[in-house]
Amino acid sequence: MSHTATPIAGRHPHEAAAQRGASVGTLLVLLTGIFITTLDFFIVNVAIPDIQTSLGAGATAIQWVVAGFGLALGGGLITGGRLGDLFGRRRMYATGLAAFTVASLACGLAPTPGALIAARAAQGIAAAMLMPQVLGIINGAFTGADRARAFTAYGLTMGFGGVFGQLIGGALIQADILGSGWRSIFLINVPIGAVTLALVRRTVPATPAGRGTRLDLTGTALVTLGLIALVLPLIEGRRLGWPAWTWSSFAASAVLLAGFALWQRRLARRGGAPVIAPALFKERAFTVGIGLALAYQLAMASFFLYLALYLQQGRGLTALQSGLLFTALGAGYFAASTRATAVAARIGRQVLALGAVVQAVGCLLLIDGVDHIGVTGNVGWLVPGLVLAGAGMGLVLAPMSATVLAGVSERHAASAAGVMSTFQQVGGAIGVALVGIVFYAALSGHPLPADVAGAFKAGLLPIIGFCAVTAVLAQFLPRLTRR
């Protein structure tokens, strides 16, 4: 459940005509793309046990199914935004939507775990082409109150996809449409994507291609390879006993990421367009903000994945029953997120610390709830912890972008938003790997119910730690914020 902050393009002088072509249909077409890409990040969690059974996927494979999507999305967001500037936002939105639809079909037809992982990575790349265009188109196509309503609808759509992804996935798997089982959570995107794609040209105003936009392909390659070299041993190392190549991969990651930083400085000095402008790091709000976003997202994707595994493999719930239990989390999220802006207006940066602490307390209640379930067998003991954890998420995610970016100078705000989105997605992928090390180490060999319960409790401990780090980092954000 991540409110991705993508860069908002400035108003182009030729976009006045485009504004007159905007309509409710424009917004519906754009939000459909955002909904299915957000949904697919979360919907897969309740399908993981069925995927394991159907494809014979092991623990590392299912981690890659989740982390591969996040890595590909995070690595491509900024480049995707620049492709929109270069070739036109409507064209890139349609291209991303078409690619996502095809990748979803490949996911639904995947015969092996490797094929599914590759298709999930393709989904992430496609989403990176699609997502940055939406806010840019909204910003140019709507004005005044219509624009404010469109941005609100955008946030609600992402929240809805995150909160109800597990429930929708459970319902689709339970329905078992034409015997498709878990594959339906991907195949459902095909007709939705095809219909939406057919409406793009009719409803979305065209935006002109930009001039002078450049792509930093070298920087993109360095940072992507560096992140893969980091996540690969984190996911594979525990299973293999941490052989020498895993440590070599960590070292290669450090070299690649250092090379990326040096290349960004060199490119900036030459007047180029680096992926991350080095000047951003001179702003405290940015450096602290991306650290905070990274730390918090370490907890998010891993929380949803390992909770779903506990509910289905540890408690024997069906995908639908698991999805229904997730609605307790959603209730807390929506209740808090609707008040988060007002709370942030009163206590500023401390709203992020408050939300992180509330989520940590919710996780502590979940640990206690798991113990009670072991005695009573009643999964209702999880509800208080889920509600509180969801409330914490709402207090952090809803105001995070605005709170952090308020302290960034206006000339860097759009770039900072794009980089923060990237760190959020990458943080989710790394979190799945880090918490996975703890979770699977706690299993005694076979995923018996008692083992999974203990593994879930163990996995909640680093998540609580990530929330604590988030609360501490919030103290270093600038006190005085400006809109």
Per the filter on the range 262-274, residues of a type outside the set (A, V, I, L, M) and either outside any helix (DSSP H, G or I) or modelled with pLDDT under 85 (or both) are Arg270, Gly271, Gly272, Pro274
Here the residues within the range 235-254 that are over 26 Å from the mean Cα position of the chain (by Cα) and among the hydrophobic types (A, V, I, L, M, F, W, C) are Leu240, Trp242, Ala244, Trp245, Trp247, Ala251
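Residue-by-condition table, conditions (1) buried (at least 17 other Cβ atoms within 10 Å of the Cβ); (2) modelled with pLDDT under 85:
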residue: Met393; (1), (2): yes, no
residue: Leu397; (1), (2): yes, yes
residue: Ser409; (1), (2): no, yes
residue: Ala429; (1), (2): yes, no
If we scan the range 275-297, do we find a residue that is in a helix (DSSP H, G or I), touching a His at 6+ places or on another chain (Cβ under 8 Å) and crowded, with 24+ Cβ neighbours inside 10 Å? yes
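Among the residues of the range 400-413, is there at least one that is within 19 Å of Phe439 (Cβ to Cβ) and acidic (Asp, Glu)? Can you show your working first?
Restricting attention to the range 400-413, the residues satisfying the condition of being within 19 Å of Phe439 (Cβ to Cβ) are none.
Taking every residue of the range 400-413 in turn, none turns out to be within 19 Å of Phe439 (Cβ to Cβ) and acidic (Asp, Glu).
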Would you point out which residue out of Thr338, Thr327 is in a helix (DSSP H, G or I) and touching a Leu at 6+ places or on another chain (Cβ under 8 Å)? Thr327
Could you check the range 236-256 and list, in sequence order, the residues that are in a helix (DSSP H, G or I), surrounded by fewer than 17 Cβ atoms within 10 Å (Cβ to Cβ) and either hydrophobic (A, V, I, L, M, F, W, C) or touching a residue at least 24 places away in the same chain (Cβ under 8 Å) (or both)? Arg239, Leu240, Ala244, Trp245, Trp247, Phe250, Ala251, Ala254, Val255
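Scanning for something under 29 Å from Gly144 (Cβ atoms) and at pLDDT 85 or above, does the range 5-19 turn up at least one residue?
The initial filter retains those residues of the range 5-19 that are under 29 Å from Gly144 (Cβ atoms), namely 5-19.
The next check asks that each one be at pLDDT 85 or above; those that pass are none.
No, the range 5-19 has no match at all.
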Give me the pairs: first residue in the range 301-326 and under 28 Å from Leu73 (Cα atoms) and assigned by TED's automatic domain parsing to the domain that holds Phe466, second residue at pLDDT 90 or above and of a type in the set (D, E, K, R), beta-carbon distance under 8 Å, and six or more apart or on different chains, which are they? Ala319/Asp50
How many residues are surrounded by 18 or more Cβ atoms within 10 Å (Cβ to Cβ) and more than 21 Å from the chain's Cα centre (by Cα) if we restrict to the range 151-181? 3
In the range 53-97, what count of residues is obtained for those that are surrounded by 24 or more Cβ atoms within 10 Å (Cβ to Cβ), modelled with pLDDT of 85 or more and β-branched (Val, Ile, Thr)? 3
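The values are calculated or read from the model by the stated rules, or taken from the named source; none is laboratory data. From a predicted model like this one, the values you see are computed outputs, not experimental measurements. When we count neighbours, we look across all protein chains shown, and the Cβ atoms used for this are built from the backbone with ideal geometry, even at glycine.
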